[in-house]
Each structure stands twice: as structure tokens, then as C-alpha cells.
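Comments concern the structure below.
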Amino acid sequence: MLVESFIEGRWTSGDAAGEPLRDATDGAAVAQMSAAPIDFAAALEHARSVGGAALRALTFHERAGILKSLAKALGAHKEELYSLSYRTGATKHDSWLDIDGGIATLFVYASKGVREMPNGRVYIDGATEQLSKSGKFLGQHICVPLEGAAVHINAFNFPVWGMLEKLAPTLLAGVPAIIKPATSTAYLAELLFRRIIESGVLPAGAVQLICGSVGNLFDHLQAQDVVAFTGSASTASVLRRHAAVAERSVRFTAETDSLNSSILGDDVRPGSPEFELFIREVVREMSVKAGQKCTAIRKAIVPAVLCEPVLEALRGKLAQLVIGDPRLEAVNMGPLASLAQRREVRAQLARLTAEATVAFGGELALHPTGADAERGAFLAPTLLHCSDARAARAVQTIEAFGPVCTVLPYASADEAIALARRGGGSLVASVVSADDALAARLVTGLAPFHGRILVVNAACAADSTGHGSPLPHLVHGGPGRAGGGEELGGIRGVLHYMQRTAVQGTPDLLTAVTSRWVRGARQRDPQEHPFRIPFAALVIGDSFNSGEREVTLADIERFAALSGDHFYAHMDEAAARRNPLFGGRVAHGYFLIAAAAGLFVEPEFGPVLANYGIDALRFVKPVKPGDRIRVRISCKEKSLRAGAGYGEVRWDAEIINQDGAVVASYDVLTMVSERAIPDQVA
Ligand code: NDP
């Protein structure tokens, strides 16, 4: 198998180059990299001018639709991906994290793109800012796609998830990607990429693949390009300081080595559910992917008095692990990704054991099930114990990227926090404790130095996604040594590929820019009740101004009887007078909402199918018996549900009193048929 690149819409063909890439279990040659030359400047230009232009022509919802189609298409190829993934040393469970985890990330971004982004091309970031008393001069942050290319440099340990977790937010943003997978597992990344191209769901130029060196690509980076890197801190440091990156302010985000901690609370006793949880979590993090996870637990920080029971329990569980050929059902832990990686981990272990003792593993003779210990990149899970945690240096600086973890004792919560923070910034920390006050103290102490914190106890253990799993909904990345970057985190991850711009102007200008009606903008008179207008014909700003109705004491009494809400402010004049906000009886807020619906709803059969909620409801001013109210509703935002035959329409609503003062404001959410519903259906 020749691992090829895909540049400017074509697979490159060339001679085989370098050493073969080998099966992690038996050392057999799996593939070889192609030596075809690549014009990196042309690849970047192709991404920007062809891929970028095509993606930017689509709305967020259309791009989300592409992610969903891609996820479905890749789902049909899982079997062959799993089959090839064994060759990287991954067990079935390891591959599930990589392959199913990657596809699930696409699905989550597809769903979030539709639910949390507009069906347009401009993302509205945050609330409108009132910049003048008159309301005629406003500010609004918007985000638009960068017009460059995203260069994704991925690590060897998750060839599938690593590619898809970066790709999903990038494509949703409307930015094309040039992907460079790590060489040692590039054959799996290349297979995935082939299936992406063959699916035919991506526009031309949206993705390209560089297998092998990135050559002089960095020299051609421009200010609209983005680099997202996962790998070692040393490579990140070299790339971040590249002249083009530094001088052209190319966005650079990195996710690098990380010395992650798990802290056992001092409320936990041996034999308790939390104790068992902690032991399970540490063993899982050492054995999944043979510890080759950027999020794996490297430091198990435990109360000094619990050190011995913890070490003993961990030894017992580690001894039960079945290590061997990852294809075998019984095997829990496969080899490292390559012999080179094993050499690297052994070298790091030698440095760690200068100040920590081996509690389990180390140079223990291994007899891997169904495999040869030397031809395959097998390494015993190795537990270290560092009794003088305060003096330890190596454990706070060296990441052995394999099945290696060090137990460190602590005497107080502050010391536990300090030991975790000495990692210099990490991707994740976990706390195992049933004491919420203690856990809260640990969380606030750990948070400045960590990108994610998992707190787990018996109450949530069954539902917990675990210490080591980054989730598309939550940020992945960490400060300092962890690279200082941030990925995922729902729509936050999309915004890394967009420019945030503050726009100032009139309400009409902001409405025109965002396609969302802003209060104070022109109201459009559609010449009929807007509830009679189907989705396709409805225009942003189409408004309806109702007639007036008086709110009487009888209304308040009847509403109290009907709803059962006899709160004194509505029902007891003497008590209501003592209320400093009201000074007398006032109408129920919920009555005003109901009465307002009576004023603005068009009762006849029509394209409005349902009212599915109210957002941002505020009661601004009390309404007293004898006051008169009217309502204005304006079509604020439209979002078509592709293929459903209807769309969601958000109406800006204000209830106004006889003096012209707003007494309540809210958004009414409706579903509206795309076209007029024919008579026979009615
Ligand atoms: P590297 O930093 O060497 O490689 C990471 C990626 O960068 C690979 O795709 C690699 O490509 C690429 N790369 C390397 N040099 C350059 C360069 N000069 N220009 C552009 N791209 C480059 O890390 P490794 O994968 O070798 O892992 C080394 C260590 O990094 C691990 O032992 C571990 O400590 C840490 N690591 C952290 C991960 C995390 O998720 N945080 C994941 C993996 C590793 P190529 O493979 O072709 O060299």
C-alpha cells in the first residue's frame, strides 16, 4: 500500500519513499509513503480560491447538512477502518474511541450547526449593545469565515478522531482544510480521507491531504490562514516561531504534551465506591491506547495515608490486564504505535525512575498473548511511586507517552492542587470525591491550569464519560505546557476559524447585516396579518400592531380563579400597597402574555403550525387595573428546516401600555409552513 497525498483535487502518484510503516504488533510492513512532489503554494491557493469560495457560498445549515451526510457515509466504512486500525496497535475498544468517536463528533457538529447557528452566512456573537440613549446607534459582534486555509497537523495516536474533530468545526465555519496526518499511522488517516473524497459530499477544494513532510508550506501562509497543531511541545514551539506565523499573525493553536492529574479526595476510604472508581479510572487511562493519549492520567495524586492501599489495588488490577495482539477479544491492551515510540517511552521511563520507584511493570518480562514481545512494540503497564512528591522534578516535566503513571502522596488539599498545577498547564484533571465542598475547592484551585475538569463520584459514575475522553460539546485544550490552545467546545470551536468583527450602526444597518430584525429597525407592513403569510414569503421586519384592550380587576380575579395563582400582589390590595415595587394590585404577568396572544393571534386556519415557546421574557413595568395594553410583533429571524416543509420563525414581541411604555418584551417562537397549505389538506 502506497500512502498518497491528495492535492488540488488529485491523488499524487510517485515512488515509495523511506522506511515502510510497520504493523505495531508483528512488525510486518503495512504501507510506504509516496514521494510525489507537492506544490505547497498551489495547494494553499487551491484551498483558498476553490474550496473556501464554495464553502462560503453555503449557509451554516447547509454546511451542517454536509457534516451529517459525511458522518453517515463514513459510518458505512467502519468495518474496514476498524480492520486497518488493528495494525496501529489499537484494540477494538481503542478503535471505537478513534473511529466511532470521530464520526460522533461530525454528528454533534451537524446538529449544533442547525440548532445553534443561523441558516445564513453571518454568525451573531452575543447581544446587541446599546451605544446611545436614543437607541439609534447600536453595536453588534458578528463572525464571518476567514478566507484562508486551515492547516491541520495531527498526532499519530488518533488518526481518525484527530482528523474529524478538527475538520467538523472548520467546515462548519466555512473554511477549507489541508490535513497533514502523522506519518507512523498515516495509512489509516489516508484510508479515511479516501472515503471522505469518495463520499462526494464535500465541495471541490474543501479538503486536501499531505502525507509526509509539509515542505515549504509554512513559508506561504498568509494572515487569513489558521494552523491547528496536535503533537509534541517541541514541534509546536518550532512551528509557532516560524517567520510567516509570527510576522503575518497567522492564527496558531496547539494541543501538546500534558501531565494530567487525577486527585483522590481525602474523604474517600478503601472499599468505598469512590475508591474503586479511582482505581478503575487510573487503570483505564494507563491501558486504553496503551496510554498514548494526550489526556491520560500521568499523576495519581492521593492522600498520603492512602498511598499503600492505592498502590496495592492498582497492582492487583494491572496484573489482570491481558496484553497482546489487539485483534484478540480477550486482549485489553495492545502494543505502542511503533518500536520507535517504545524506544522513546523507555528513554522517558529511565529519567522518571531516577526519582521514582517502580511499583509495577517496568522491565517486567512480557509474554503478550498471540504476539511476540520484541517484534511488536509491547511495553508493560508501569506504575511508579514517588514518595517525596514535593521534591519531584522529572514527574512534573517528563511525559512518557505510554502506559505510565506515577502515584504522588499529598498531605492537604492545597498541596494536592499545587502538585497538579506543577505540570505547568494541562488538558484535564479529575477529582474523585463524594464531598462536594472539597471537590468545589479543588476545582477552583485547578481551573486556571486546566482546560477540563471531571469530578466523579458514585452518584454520576454510571453516566460519566471518563477522565480521558474529550467531548465535542466541551473545550479540549489547556494552558501553558498543554499548548495554550482550545478546540471543540461546541460552537466555540467553530469560531476559531472565523473573524469576530464589531459592527456599529443603526438598527436598520444591523438588521441588513445579520438578517435578524433589531429593535428600533423599520417595521414592514406586509398588508395582511403576518400569520397568514407562509414562511417562504415572510420578510424579516414584517410586523403587526394590535388594537388595545383594557386590563380590568375582573380580568385579574378571573385569571386567579382559572390558574389558581392568588399571589397577594394580584389579589390583596392592602398587602400589595405594602409592596414597594407595586404600591397596589397589579395584573399577573402570565395573564398579560395570554391577553397579548389574544390581541396578536390570527385565529383562522393558516400557515402558522405551532407556537413552540417563548424566549427572553421580561416583565418590565407593572400593569394596573384600568391600564390599556397593545402588542407589536415583528418577524425577527427565520430558519428553514431543510426538507421538513416548514421553518422556525422568531417574532420580536412587545406589550405596550397606554403611555407608550413597554411593559413586557419577549420572543415568540413559531413553526410556519414553507408554502401555503392547499385547501384539500385543510
Ligand atoms: P511530533 O510533534 O513529532 O509530531 C506531531 C505532528 O507534527 C505529526 O503530524 C508530525 O508529522 C508533524 N511534524 C513534526 N515535525 C514537523 C515540522 N517540522 N513541520 C510540520 N509538521 C511536523 O509528535 P509525535 O507524534 O512524534 O509525538 C511525540 C510526542 O508528542 C509524544 O511522545 C507525546 O509526548 C506528544 N504527543 C502529544 C499528543 C497530544 O495529543 N497532545 C499526541 C501525540 C503526541 P510526522 O509524523 O510526519 O513527523
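The values are calculated or read from the model by the stated rules, or taken from the named source; none is laboratory data. No experiment lies behind these values; they were computed from the predicted model shown. Here the Cβ positions follow ideal geometry from the backbone for every residue, glycine too, while neighbour counts run over all protein chains shown.
Matching residues to (1) more than 30 Å from GLY120 (Cβ to Cβ); (2) surrounded by fewer than 22 Cβ atoms within 10 Å (Cβ to Cβ):
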position	(1), (2)
ALA173	no, no
ILE178	no, no
LEU188	yes, no
ILE197	no, yes
VAL201	no, yes
GLY215	yes, yes
ASP219	yes, yes
ALA223	no, yes
VAL226	no, no
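Could you check how many residues of region 418-441 are closer than 20 Å to CYS386 by Cα, over 26 Å from the mean Cα position of the chain (by Cα) and in contact (Cβ under 8 Å) with a residue 24 or more places away in the chain?
Total satisfying the criteria: 2.
Please verify whether GLY162 is within 9 Å of the ligand (Cβ to nearest atom) and part of a helix (DSSP H, G or I), treating the condition exactly as stated.
Numbers: within 9 Å of the ligand (Cβ to nearest atom): yes; part of a helix (DSSP H, G or I): yes.
The answer is yes for GLY162.
Working only within region 451-477, note down all residues that are within 16 Å of the ligand (Cβ to nearest atom), outside any loop (DSSP other than H, G, I, E, B) and buried (at least 23 other Cβ atoms within 10 Å of the Cβ).
Selection gives GLY451, ARG452, HIS476.
If a residue must be outside any helix (DSSP H, G or I), within 16 Å of the ligand (Cβ to nearest atom) and touching a Ser or Thr at 6+ places or on another chain (Cβ under 8 Å), how many such residues does region 273-307 contain? Before you say what the answer is, go through the steps one by one.
Initial filter on region 273-307 (outside any helix (DSSP H, G or I)): 292-303.
Then keep just the ones that are within 16 Å of the ligand (Cβ to nearest atom); that gives 292-299.
Filter once more, so that each one left must be touching a Ser or Thr at 6+ places or on another chain (Cβ under 8 Å): 294-295, 297-299.
Of the residues in that region, 5 qualify.
Only one residue in ALA64, ALA53 is of a type outside the set (Lys, Arg) and buried (at least 18 other Cβ atoms within 10 Å of the Cβ), so which one is that?
Values: ALA53 fails: buried (at least 18 other Cβ atoms within 10 Å of the Cβ).
From the options ALA64, ALA53, the qualifying one is ALA64.
Return a yes/no flag: does region 93-116 have any residue that is more than 13 Å from the chain's Cα centre (by Cα) and assigned to a loop (DSSP other than H, G, I, E, B). Full working, then the answer.
Just the residues of region 93-116 that are more than 13 Å from the chain's Cα centre (by Cα), to begin with: 93-100, 103, 114-115.
Then keep just the ones that are assigned to a loop (DSSP other than H, G, I, E, B); that gives none.
Looking through region 93-116, none of the residues is more than 13 Å from the chain's Cα centre (by Cα) and assigned to a loop (DSSP other than H, G, I, E, B).
Take ASP94 and tell me if it is modelled with pLDDT of 95 or more, farther than 22 Å from GLY490 by Cα and within 15 Å of the ligand (Cβ to nearest atom).
Numbers: modelled with pLDDT of 95 or more: yes; farther than 22 Å from GLY490 by Cα: yes; within 15 Å of the ligand (Cβ to nearest atom): yes.
Answer is yes for this residue.
Out of all the residues in region 281-298, is one or more touching a Lys or Arg at 6+ places or on another chain (Cβ under 6 Å), under 23 Å from SER95 (Cα atoms) and touching a residue at least 12 places away in the same chain (Cβ under 8 Å)? Give the steps one after another, and end with the answer.
So the first thing to find is which residues in region 281-298 are touching a Lys or Arg at 6+ places or on another chain (Cβ under 6 Å), and the list is 283.
Next, from what is left, pick out any that are under 23 Å from SER95 (Cα atoms): 283.
In the following step, the residues that additionally are touching a residue at least 12 places away in the same chain (Cβ under 8 Å) were identified as 283.
Looking through region 281-298, at least one residue is touching a Lys or Arg at 6+ places or on another chain (Cβ under 6 Å), under 23 Å from SER95 (Cα atoms) and touching a residue at least 12 places away in the same chain (Cβ under 8 Å).
Could you figure out which of (1) of a type outside the set (S, T, N, Q); (2) modelled with pLDDT under 95; (3) crowded, with 23+ Cβ neighbours inside 10 Å isn't true of GLU285?
Result: GLU285 fails condition (2) only.
Can you name every residue in region 115-142 that is buried (at least 20 other Cβ atoms within 10 Å of the Cβ) and closer than 26 Å to LEU74 by Cα?
Scanning region 115-142 gives MET117, ASN119.
May I ask you to list the residues in region 554-583 that are exposed (fewer than 12 other Cβ atoms within 10 Å of the Cβ) and of a type in the set (A, V, I, L, M)?
Scanning region 554-583 gives ALA554, ALA561, LEU562, ALA574, LEU581.
Of all residues in region 24-79, count the ones that are in a loop (DSSP other than H, G, I, E, B) and under 25 Å from GLY174 (Cα atoms).
Taking region 24-79 as the starting set, the residues that turn out to be in a loop (DSSP other than H, G, I, E, B) are 24-28, 35-39, 57-59, 76-77.
Still in the running and under 25 Å from GLY174 (Cα atoms): 38-39, 57-59.
Result for region 24-79: 5.
State whether the residues of region 251-269 include one that is more than 16 Å from the ligand (Cβ to nearest atom) and hydroxyl-bearing (Ser, Thr, Tyr).
yes
Taking region 533-555 on its own, how many of its residues are part of a loop (DSSP other than H, G, I, E, B), in contact with a Lys or Arg (Cβ under 7 Å, 6 or more places away or on another chain) and more than 23 Å from GLY120 (Cβ to Cβ)?
3
Quick one: which strands (runs of 3 or more DSSP E) lie wholly within region 623-682 and hold at least 3 residues that are of a type in the set (Asp, Glu)? Walk me through it before giving the result.
Values: elements: 628-641, 646-657, 662-673.
Filter on region 623-682 gives 646-657.
SER258 is checked against (1) within 15 Å of HIS152 (Cβ to Cβ); (2) surrounded by 23 or more Cβ atoms within 10 Å (Cβ to Cβ); (3) not acidic (Asp, Glu) and fails just one. What number does that condition carry?
With (1) within 15 Å of HIS152 (Cβ to Cβ); (2) surrounded by 23 or more Cβ atoms within 10 Å (Cβ to Cβ); (3) not acidic (Asp, Glu) applied to SER258, the lone miss is (1).
Return the residues of region 98-115 that are out of contact with any Ser or Thr (no Cβ under 9 Å at 6 or more places or on another chain) and at pLDDT 95 or above; say none if nothing qualifies. Before the answer, list the steps.
Pass one, region 98-115, residues out of contact with any Ser or Thr (no Cβ under 9 Å at 6 or more places or on another chain): 100, 102-109, 111-113, 115.
Across region 98-115, the qualifying residues are ASP100, GLY102, ILE103, ALA104, THR105, LEU106, PHE107, VAL108, TYR109, SER111, LYS112, GLY113.
Among the numbered conditions (1) over 23 Å from the mean Cα position of the chain (by Cα); (2) part of a loop (DSSP other than H, G, I, E, B); (3) touching a residue at least 40 places away in the same chain (Cβ under 8 Å), tell me where ILE263 comes up short.
Only one criterion is unmet by ILE263, namely (2).
Would you point out which residue out of VAL432, VAL395 is more than 16 Å from the ligand (Cβ to nearest atom), surrounded by 17 or more Cβ atoms within 10 Å (Cβ to Cβ) and β-branched (Val, Ile, Thr)? Walk me through it before giving the result.
Details: VAL395 fails: more than 16 Å from the ligand (Cβ to nearest atom).
Of the residues listed, the single one that is more than 16 Å from the ligand (Cβ to nearest atom), surrounded by 17 or more Cβ atoms within 10 Å (Cβ to Cβ) and β-branched (Val, Ile, Thr) is VAL432.
Could you check how many residues of region 308-357 are buried (at least 21 other Cβ atoms within 10 Å of the Cβ) and outside any loop (DSSP other than H, G, I, E, B)?
Within region 308-357, residues that are buried (at least 21 other Cβ atoms within 10 Å of the Cβ) and outside any loop (DSSP other than H, G, I, E, B) number 10.
Go through region 478-532 residue by residue and tally those that are in a helix (DSSP H, G or I) and within 16 Å of the ligand (Cβ to nearest atom). Walk me through how you get there before you give the answer.
Pass one, region 478-532, residues in a helix (DSSP H, G or I): 480-482, 491-495, 507-514, 530-532.
Pick out the ones that are also within 16 Å of the ligand (Cβ to nearest atom) and you get 480-482, 493.
Number of matching residues: 4.
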